[in-house]
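Okay, so here's the structure we're looking at.
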Amino acid sequence: MRLSVIGCGYLGAVHAACMASIGHEVIGVDIDPARISTLAAGHAPFYEPGLTELLSSVAGSGRLRFTTDITRAGGAAVHFLCVGTPQQEGELRADLSHLHAATSSLLPLLQPGDIVVGKSTVPVGTAEALAGLVSARGATLVWNPEFLREGCAVEDTLHPDRIVYGLPTEQGVPTEAGIKAQALLDQVYAVSLSDGAAQVITDYATAQLVKVAANSFLATKISFINAMAELCEASGGDVTDLADAIGYDERIGRRFLSAGLGFGGGCLPKDIRAFTARAGELGVSDALSFLTEVDKINQRRRARMVDLTREVCGGSIVGKTIAVLGVTFKPDTDDIRDSPALSVARQMMQEGAHVTVTDPRGLDKARRVHPDLRCADDVLEAGRGADVVVLGTEWEQYRTIEPDALAQVVRHRRMLDGRNALDAGVWRNAGWTYRALGRPHWNPTIAGLDLS
Ligand code: UDX
């Protein structure tokens, strides 16, 4: 089938490449000429495992092209909207300007019978507003949220666990145009559907809500365990044992219960804020007031990490040399948006510490955004002369650092594990002061309960 993918960021570039790899003819469109020329040359404009290989495997087929000229999307039967909806500056709401710009340039190109498929994360009500504009051209809008995770985006796109369609409905039943659109989109996703991906057919409102509800749930799960980490810190408990123990309950599950510096990235933080803002506009702000707390718990972890660093440095980090391992918001990506590790590094710099960061993939982006950041190519270089080492992102190569090798270059053997990713015993046995968020240290000074 002939498809267009409008917006070639983390979502669109992967979607375009995956759709071409399963046999569709795809034109990817983006307003950024640098990104388009990189993609057109068969390279990934960001680090995403498997994407470069996928781009080069389809390059020879002629099925995947990229352009900045949206008129070349004309002639495709299915148009995917994959543009970003970041947080609006100075507000909690999402910025829909890219979505509006993309749809206005797409509308004149639509032919009767085409479908427009919204994949961007949007406030509920957006699809309803776009649907009229699309149907005025004889085309149909379907809302089809995307659940891919950076770091496994190719796998998630090729093998989704569920496919959700929000269709136009009348009195709760899909319209004739909606049923036709479903049949067309089923052809696009035929491989995943025959592989057994679950399918949920619903209305526009539900489809838009599904995405933000899923991300809110994940954010809540992370902040729940981080709230337990606060309790553990106050009482001498160990949040990793606690997470293991409650995670064995299948109703709870261990995934997304890793305590540490909390969530970041281009999705979870802005999605919970935009959802809260939208609930307010809909007059149901109380329903989501807990998400404000989820956000606050998440932010407090970053502050706690700086406090802990100050504590192990004897009360002040002014003039101290600090190595921060990791600048990306999680491993296996080069994305530094709202990165907890980078935020901690910046806070410590502002407080007067000499901070050196390192990261296997994120340094170029970090330097571009923060030209004053001191960067090192690897852990040993970052750790040279350090009074304290902070693990901010749990890259596999950081999990396996040799404590003895790092001990050769640091000034003081102090490891602060912001992701509960290291083996405390191994580090302590190697003579390091090991501290982590939500876990006890050698001599807990927690007062027992007064039973008198
Ligand atoms: C998320 C959703 O998972 C995905 O379905 C959606 O499409 C986009 O948003 P992503 O932003 O790629 O994906 O990252 P994710 O793997 O969800 O991690 C988000 C953040 O939570 C990271 O900063 C990660 O380090 C943190 N996290 C995750 C924890 O702090 N603890 C955990 O147990 C799990």
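Taking the conditions exactly as written (buried (at least 24 other Cβ atoms within 10 Å of the Cβ), within 12 Å of the ligand (Cβ to nearest atom) and part of a helix (DSSP H, G or I)), does Ala341 satisfy them or not? Here the answer is yes, as Ala341 does meet what is asked. Identification of helices (runs of 4 or more DSSP H) wholly contained in the stretch 374-452 with 2 or more residues that are at pLDDT 95 or above and in contact with a Ser or Thr (Cβ under 8 Å, 6 or more places away or on another chain) yields 379-383. For the stretch 120-140, check the following and say yes or no: at least one residue is under 19 Å from Ile36 (Cβ atoms) and not assigned by TED's automatic domain parsing to the domain that holds Thr292. Yes, the stretch 120-140 has at least one match.
Could you look through the stretch 250-306, keep only residues that are farther than 27 Å from Val122 by Cα and away from the ligand (no atom under 16 Å from the Cβ), and pick out the one that is least open to solvent (accessible area, probe 1.4 Å)? That would be Val306. Scanning the stretch 19-34 for residues that are in contact with a strand residue (DSSP E or B) (Cβ under 9 Å, 6 or more places away or on another chain) and within 23 Å of Cys152 (Cβ to Cβ) yields a total of 7. Taken together, the residues in the stretch 309-338 that are closer than 24 Å to Pro371 by Cβ and outside any loop (DSSP other than H, G, I, E, B) amount to 6.
Within the stretch 221-247, being small (Gly, Ala, Ser), open to solvent by 20 Å² or more (accessible area, probe 1.4 Å), assigned to a helix (DSSP H, G or I) and touching a residue at least 60 places away in the same chain (Cβ under 8 Å) holds for Ala227, Ala234, Ser235.
All conditions but one from (1) buried (at least 20 other Cβ atoms within 10 Å of the Cβ); (2) on the phi > 0 side of the Ramachandran plot apply to Asp417; the one that does not is (2).
Considering only residues that are in a loop (DSSP other than H, G, I, E, B) and open to solvent by 40 Å² or more (accessible area, probe 1.4 Å), which ones fall in the stretch 173-220? Matches in the stretch 173-220: Asp195, Gly196.
Every residue, every condition in (1) in contact (Cβ under 8 Å) with a residue 40 or more places away in the chain; (2) assigned by TED's automatic domain parsing to the domain that holds Lys330; (3) open to solvent by less than 30 Å² (accessible area, probe 1.4 Å), yes or no:
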{"position": "Ala386", "(1), (2), (3)": "yes, yes, yes"}
{"position": "Glu396", "(1), (2), (3)": "yes, yes, no"}
{"position": "Ala430", "(1), (2), (3)": "no, yes, yes"}
{"position": "Leu449", "(1), (2), (3)": "no, no, no"}
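The values are calculated or read from the model by the stated rules, or taken from the named source; none is laboratory data. Because the structure is a prediction, the values reported are computed rather than measured. Cβ atoms come from the backbone with ideal geometry, glycine included; neighbour counts cover every protein chain shown. Heavy atoms of the whole protein, side chains included, go into the accessibility calculation; ligands, DNA and RNA do not. Shrake-Rupley method; radii C 1.70, N 1.55, O 1.52, S 1.80 Å.
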